[in-house]
Amino acid sequence: MFRSHTCGELRISDAGKQIILSGWVSKVRLMGSMAFVDIRDRYGITQLSFNEGYSKELLEKAAELGREYVIQAEGKVAERESKNAQLSTGDIEIIVTGLTVLNKSKTPPFTIENDTDGGDDIRMQYRYLDLRRDVVRANLELRHRMAQKVRNYLSEYNFMEVETPVLIKSTPEGARDFVVPSRMNPGQWYALPQSPQTFKQLLMVSGFDRYFQIVKCFRDEDLRADRQPEFTQVDCEMSFVEQEDILQQFEGLMKHLFATEKGLEFGDFPRMTYADAMRLYGSDKPDIRFGMPFVELKAPGNGVDLVSGKDFVVFDSVEAVIGICAKGAANYTRKQLDGLTEFVKRPQIGAKGLVWCRIEEDGTAKSSVDKFYDAEALQAWKHAFGAEPGDLILVLAGDIHKTRKQLNELRLLMGTELGLRSSDDFKPLWVLDFPLLEWDEESERFHAMHHPFTSPLPQDLHLMDTEPGAVRANAYDLVINGVEVGGGSIRIFDRALQAKMFDLLGFTPEQAQAQFGFLMNAFEYGAPPHGGIALGFDRLCSLFGGAETIRDFIAFPKNNSGRDVMIDAPSVLDSTQLKELGL
Ligand code: ASP
């Protein structure tokens, strides 16, 4: 028997018991005629105690232990003299009567502690050691619990987990595919799924009614902190549903996760149209942990113009002038304001400049454009923003779409600087009524904003022929704290409408048939009305874990260049392998 207990299990009530523990040496403290060794496993740490008076031979053995040696210790549980309240086993120690080294260890390249001295690269290279650290393991434990909860919850609602293939034909979700050459079919390639989209729809045609899968998806995109080339989705599809049914079902799942994992209760999740999200927050995934909505001082079609005709050429010449009001930020110093200007002028953001207006204690306004706007004009701004003494108004100008995007970045920065974005505060939001199509200037054609299988809103169907760009999609995103946690849509289930959609997207009927004939044919064999959603599982876990990067919630993640530095992939193939593949 290797062990009778784990290293996190023994308590004062076990005193006197004869036990065996196995684990890793986390710390050795030699104190002359005594030694203490901390033994660690996944469950905790227990103190082993060695004493010359008890066994000189064992004490000598303990002195030879190195960090991360794998050992087995036999002994008796005893009450500790100096207790350690930090440890669950802190009231006891083991008076060791037998010690076996099961395996030695080289000195690890970084300390296996919560505050480690190891940098990112070295920890990724030795990820198996990094995973020994409590903080990292706790993230994966959270992930495990979340997956269990999702499975149980959905199973209870009759969802059936079905595995779909990984070697498939390309699914158009807007990203690049990873591809795999076929040895048996020279010159032909599989694609790895960007999502199981078409398969889950086919399962609905099969009558499966409610499907889910916790599934790996693959997208060959540029990477960011919240993106990995392979990631996991909670992928779901339902038959005989409308948008409302799906929102209710998955709001229920999210509430269940929040309640059981975080002890948080929620009322109905707020909903916002895509148009409002863009107008008020400049983003289709607004962070509504804080307000600070956009106020348009000038914008096409809104009938307001509080800036033109004052000889300020910048504001006169642009399409839109939009701002935010940062509550209580009037105390920003000149240097801080310059910092904000520099921030918005960074090439990634691309604004030309920043106008600020401070509301003083007496209610008067002081702005960076006082030359052009007199007290009365600034009072009108103040009024438009609902600004009060102590507030800071920040204004950007330019093309409406670009300005909204830039102001979104500035709003998020101000939210962070003013401490309004706490990771323990959770603000879910449904974003609805996305446009069905997006015009792409470069290729001069429409793209599906969600994917080509998304149906138009029934009330916009009549615009499909005349004004396709104005058609709204029967699609929805779940956003939490400014993070897109999931998205889905009610699908097209009629062959003719699907064919029209492909036509709008610039496919010839032949191309559509060649690529998606299998799906359109299936629609002719009794396809039920259906719709679904997919939740980004890695993001969901990182959100629940209060971290920004999803990498911390993936056991073996890739770095920002898509490399696994531990196994050193991707790598070159030898020539025989290439030849076999016909490459
Ligand atoms: N397949 C979609 C995605 O991966 C989700 C859905 O429409 O269900 O974003």
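What follows is calculated from the coordinates using simple rules that are stated; it is not laboratory data. Keep in mind the model is a prediction, meaning the values are calculated, not measured. With ideal geometry, Cβ positions are generated from the backbone for all residues, glycine too; neighbour counts draw on all protein chains shown.
Computed quantities for the displayed model
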{"quantity": "Cα-Cα over 23 Å, subset of K255/K427; K405/K427; K169/K216; K298/K352; K200/K427", "calculated": "K200/K427"}
{"quantity": "Under-5 Å amide H pairs with S367, H placed in peptide plane, nonlocal only", "calculated": "R358"}
{"quantity": "Relative contact order (percent, whole number), the chain, Cα cutoff 8 Å, 6+ residue spacing", "calculated": "13 percent"}
{"quantity": "Derived scalar couplings ³J(HN,Hα) [segment 298-313; Karplus, 6.51 cos²θ - 1.76 cosθ + 1.60; whole Hz; x for Gly, Pro]", "calculated": "7, 7, x, x, 9, x, 10, 8, 9, 10, 6, x, 10, 6, 8, 4"}
{"quantity": "Inter-label distance for N559 and F266, nm, one decimal - labels placed 7 Å from Cα along Cα-to-Cβ", "calculated": "3.6 nm"}
{"quantity": "Label point at E580 placed 7 Å out along Cα→Cβ; residues across segment 156-200 whose backbone nitrogen lies under 19 Å", "calculated": "167, 179-190"}
{"quantity": "Sorted peptide list for 232-243, 74-85, criterion being average Cβ within 10 angstrom, highest first", "calculated": "232-243, 74-85"}
{"quantity": "Estimated FRET transfer efficiency when R0 is 41 angstrom, pair L418-E376 (beta carbons, to 0.05)", "calculated": "0.90"}
{"quantity": "Angle in degrees between helix 400-417 and the longest Cα principal axis of the chain, rounded to the nearest 10", "calculated": "40 degrees"}
{"quantity": "Sequence-distant aspartates and glutamates (8 or more away, or on other chains) whose Cα lies within less than 18 Å of K402", "calculated": "D276, D284, E296, D316, E319, E342, E438, D440, E441, E442"}
{"quantity": "For peptides 93-102, 295-304, 176-185, sequence by mean Cβ density within 10 Å, most packed first", "calculated": "93-102, 295-304, 176-185"}
{"quantity": "S82/N103 FRET efficiency (R0 25 Å; Cβ-Cβ; nearest 0.05)", "calculated": "0.20"}
{"quantity": "Rounded to whole Hz, the Karplus (6.51, -1.76, 1.60) HN-Hα couplings of segment 134-140, x for glycine and proline", "calculated": "3, 4, 6, 4, 4, 4, 6"}
{"quantity": "Segments 155-163, 471-479 sorted - mean Cβ within 10 Å per residue, highest first", "calculated": "471-479, 155-163"}
{"quantity": "Segment 75-206: relative contact order as a whole-number percent, Cα under 8 Å and 6+ apart", "calculated": "12 percent"}
{"quantity": "Within the chain, helix-based [θ] at 222 nm, where runs of 4 or more DSSP H residues each add -39,500 (n - 2.57), nearest 500", "calculated": "-8000 deg cm²/dmol"}
{"quantity": "Cα-centre dipole for segment 249-342 with unit charges at Cβ (Lys and Arg positive, Asp and Glu negative), debye to 20", "calculated": "280 debye"}
{"quantity": "Additional length obtainable on full extension of the chain from R145 to Q459, 0.36 nm per residue less Cα span", "calculated": "108.9 nm"}
{"quantity": "Segment 74-105 residues near the modelled T6 label - backbone nitrogen below 17 Å, point 7 Å along Cα→Cβ", "calculated": "87-90"}
{"quantity": "Per-pair calculated FRET efficiency, R0 = 56 Å: D316 and D568 via Cβ, rounded to 0.05", "calculated": "0.45"}
{"quantity": "Net charge over other residues, Cβ less than 12 angstrom from the Cβ of Y128 (K, R count +1; D, E count -1)", "calculated": "+3"}
